[in-house]
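**Q** Structure provided below as structure tokens; questions to follow.
The values are calculated or read from the model by the stated rules, or taken from the named source; none is laboratory data. As the structure is a prediction and not an experimental result, all values here were calculated from the model. No Cβ is skipped: glycine too gets one built from the backbone with ideal geometry, and neighbour counts run over all protein chains shown.
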Amino acid sequence: MSSQETPEKRETMAAPGLAFNTEKMREVILHALENSNYDWRTIDGLSRETNLQPSTIQGVLDTALAGDVVVSGPNEKGQALYTTRRHYREHAGKVNRFLTAASNTFK
């Protein structure tokens, strides 16, 4: 590995999961989920920000972050939307939290 090559760049060259260990991937994805520029994130948006493969992100969301992530959606394109419980509490107003809870309850 050259001195200019970063783990983020290595991920795009290696098979998913080989460049980062699960804990590092969890941290990178968690940071992207809590990006203050977004309330909700798609897998594709997380992939663009983290340079991780969508399948890698989905795997981490389903396992290492399963208890920390809120899933909503789909959006207008049919994609699931993700955020963390903490980010949701800090950025969603009380009315939006109630409406989201009600819509998820009555599906």
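**Q** Looking at segment 5-19, is at least one residue surrounded by 14 or more Cβ atoms within 10 Å (Cβ to Cβ) and modelled with pLDDT of 90 or more?
**A** No, there is no match, as no residue in segment 5-19 is surrounded by 14 or more Cβ atoms within 10 Å (Cβ to Cβ) and modelled with pLDDT of 90 or more.
**Q** Can you tell me which of (1) at pLDDT 80 or above; (2) under 11 Å from the mean Cα position of the chain (by Cα) is the one Ala66 doesn't meet?
**A** (1)
**Q** Here is a check on your reading of the model: is Leu61 touching a strand residue (DSSP E or B) at 6+ places or on another chain (Cβ under 9 Å), over 18 Å from Gln79 (Cβ atoms), surrounded by 15 or more Cβ atoms within 10 Å (Cβ to Cβ) and of a type outside the set (Ser, Thr, Tyr)?
**A** no
**Q** Now a separate question. When you check Leu61 against the structure, is it under 27 Å from Glu23 (Cα atoms), under 10 Å from the mean Cα position of the chain (by Cα) and at pLDDT below 85, yes or no?
**A** no
**Q** While we're here: Any idea which of Thr22, Thr84, Thr42 is at pLDDT 75 or above and in contact with an Asp or Glu (Cβ under 6 Å, 6 or more places away or on another chain)?
**A** After applying the criteria, what remains is Thr84.
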